[in-house]
Each structure stands twice: as C-alpha cells, then as structure tokens.
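Have a look at the structure below before the remarks.
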Amino acid sequence: MSSSNRRLFLLSALALGACGFTPAYGPQGAAHRLQGQVLVDAPDTHEAYLLTQRIEERLGRSTGGRYTLSVVIEVDSEGQAIASDGSTTRTRLLGRANYTLRDATGVALADRQIVAFTGYSATGSNVSILASQRNATAQLMVMLADRIIDQLILLSPDLTGTDGST
C-alpha cells in the first residue's frame, strides 16, 4: 500500500470516528445489546426450527432475556418453469415471516413482516428433487432470519429495557 493510500485510509478512519460512527457488531454497537437478550418462541414446525436455529446462531441462545420474539412463518410454492408435457421443472418458494418483538412486560416493541424467496430445480430423481426442496427451504429460513436480525439491529438503539435502560 502506497503512503498516499495509507494516509487516505487513516484519514477516513478518523472521519468516521469523529462523526460518531460505531460498528454494529463492535463492543458498543447496536448488535451487541441484543446478544443473548432475545428469547425466540419454541418452534412448532421444521421451518420455524431452522429459523430459530439461525437467529440463535447470530444472537446467541437466551434462557430468559430482555426480549421475546414471536415469529409466524408462511411458505408458498409456485411452479416457475413448465415443460411441454406440463411438468414443473423449477419451483419458487416464497416465504413470509411476521414477527413481534416484545419486552419483558409483554409490550410490543416491533411488529413487522419480512419477505424472501428462493427456488429449486424440480428435475431429476425423486431423491434429488426432495434434497433440492429441503435445501431451498433451509436457505429461505436463513434469509428470513437474517433479515429479521438486520431489522432488530436497526431498531436496537431505540429499544429500552423494563427499567428504562438501553
């Protein structure tokens, strides 16, 4: 790295610090205040299990955190490519997750809907189609969970605890 590039990099870092920028995943960042504090309702479907697993991977498992998260998942499938014989060769999965974040007293802090989609090939053997469908469903749940977490991180500076602390 040339000296002019180094200087530009250092000046950029100073400018970010001066404007109050803090990384979302840093020790004082917005994501840190959610770490281990969000208790997700017990999953009742395979899709809900996959979504909960991803949320707990990113935010940590909570046994009685400051917040509870309820998620209702809908997954619709639709044929996207139809062969001349009428068989479906590609399927699209559309996922919707309606979530509510509540504080320890049960007051709703956020009530939102997230939408994502993915697709899979419906050609080949029954085993390969089933594997593709399962993989697409798992990918869809990861996308929905990541979008929920991203929104929670954006909301976290405005969240307060039951004692009024952030």
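The values are calculated or read from the model by the stated rules, or taken from the named source; none is laboratory data. The structure displayed is predicted, hence computed values, not measured ones. When we count neighbours, we look across all protein chains shown, and the Cβ atoms used for this are built from the backbone with ideal geometry, even at glycine.
Which one of these is polar (S, T, N, Q) and part of a strand (DSSP E or B): 139, 151, 80?
Within the list 139, 151, 80, the selection yields 80.
Whether any residue in region 63-72 is surrounded by fewer than 16 Cβ atoms within 10 Å (Cβ to Cβ), at pLDDT below 90 and either farther than 28 Å from residue 155 by Cα or of a type outside the set (A, V, I, L, M) (or both) is what I want to check.
There is at least one residue in region 63-72 that is surrounded by fewer than 16 Cβ atoms within 10 Å (Cβ to Cβ), at pLDDT below 90 and either farther than 28 Å from residue 155 by Cα or of a type outside the set (A, V, I, L, M) (or both).
Here are 85, 111, 103: which of them is without any contact (Cβ under 8 Å) to a residue 24 or more places away in the chain, touching a strand residue (DSSP E or B) at 6+ places or on another chain (Cβ under 9 Å) and not basic (Lys, Arg)?
Numbers: 85 fails: touching a strand residue (DSSP E or B) at 6+ places or on another chain (Cβ under 9 Å); 103 fails: without any contact (Cβ under 8 Å) to a residue 24 or more places away in the chain.
Unique residue meeting the criteria: 111.
Within the set of pairs 6 or more residues apart or between chains, which connect a residue that is closer than 11 Å to residue 67 by Cα inside region 153-166 to a residue that is at pLDDT below 80 and of a type in the set (S, T, N, Q) with Cβ atoms less than 8 Å apart?
Here the result reads 159/166; 160/166, each pair linking region 153-166 to a residue that is at pLDDT below 80 and of a type in the set (S, T, N, Q).
For region 73-102, how many residues meet the condition of being surrounded by 13 or more Cβ atoms within 10 Å (Cβ to Cβ) and within 19 Å of the chain's Cα centre (by Cα)?
Residues meeting the conditions: 12.
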